[in-house]
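Below: one structure, written as structure tokens.
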Amino acid sequence: MSSSSSSDDNSVRIRDYTIVSTTATTEQTTASIKNVAKDIVEASSSTRELVLTLHQSGATEEIGRAARSIRDTANEINDTVKNLNQHGIIKDTASAVGETAIAARDTIHTLKDATREAAETAPTTAKILKEVSDKVRSKITETLSSRFVVCPLSPSLIN
């Protein structure tokens with residue numbers, strides 16, 4: 001190991017290290033590299049076979065058609081969104097949804113208020129309706145009594 005430095009305090013120290021390799025380490029490294037190379041060759045061969053199979057079966061054309069179809073659909077969607085945006089339809093729709101939500105909220109508050117008022121006045125209303133009903137019933141009974149004379153039937157008429 002050697003080192004060099006300068007006398008300046010701001011200098012950088014440089015040290016050279018020598019790596020000592022053993023025969024066993026070299027053999028392991030070589031074997032590892034050979035294994036990786038073998039795996040690469042096998043993967044390449046498998047890939048070639050797959051490409052050949054796809055080509056012979058006509059699948060590559062189908063994949064190409066599918067990719068073009070996906071691209072065309074994405075372009076149509078993009079064009080539609082741009083068109084909707086340019087004509088303000090998206091903004092108008094969002095605005096209408098917001099206004100509808102506000103109107104629905106107002107309607108709900110109105111219904112709550114009406115329900116509460118109905119619940120508060122229900123006992124009084126029921127009492128008034130009963131009083132009116134009783135008065136009407138008594139008036140009808142009075143009117144019928146004054147127009148018709150009720151005669152008791154004698155037992156001889158019943159037979």
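The values are calculated or read from the model by the stated rules, or taken from the named source; none is laboratory data. Keep in mind that this is a model prediction, so the values were computed, not measured. Positions of Cβ are backbone-derived with ideal geometry, glycine not excepted, and every protein chain shown enters the neighbour counts. Note: areas computed on protein heavy atoms with side chains; ligands, DNA, RNA excluded. Shrake-Rupley method; radii C 1.70, N 1.55, O 1.52, S 1.80 Å.
Summary table below
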| item | result |
| --- | --- |
| Residue count, segment 3-49 (criterion: within 59 Å of the chain's Cα centre (by Cα) and either open to solvent by less than 100 Å² (accessible area, probe 1.4 Å) or at pLDDT below 75 (or both)) | 17 |
| Only listed residue being over 30 Å from LEU54 (Cβ atoms), modelled with pLDDT under 85 and surrounded by 10 or more Cβ atoms within 10 Å (Cβ to Cβ), chosen from LEU144, LEU129 | LEU144 |
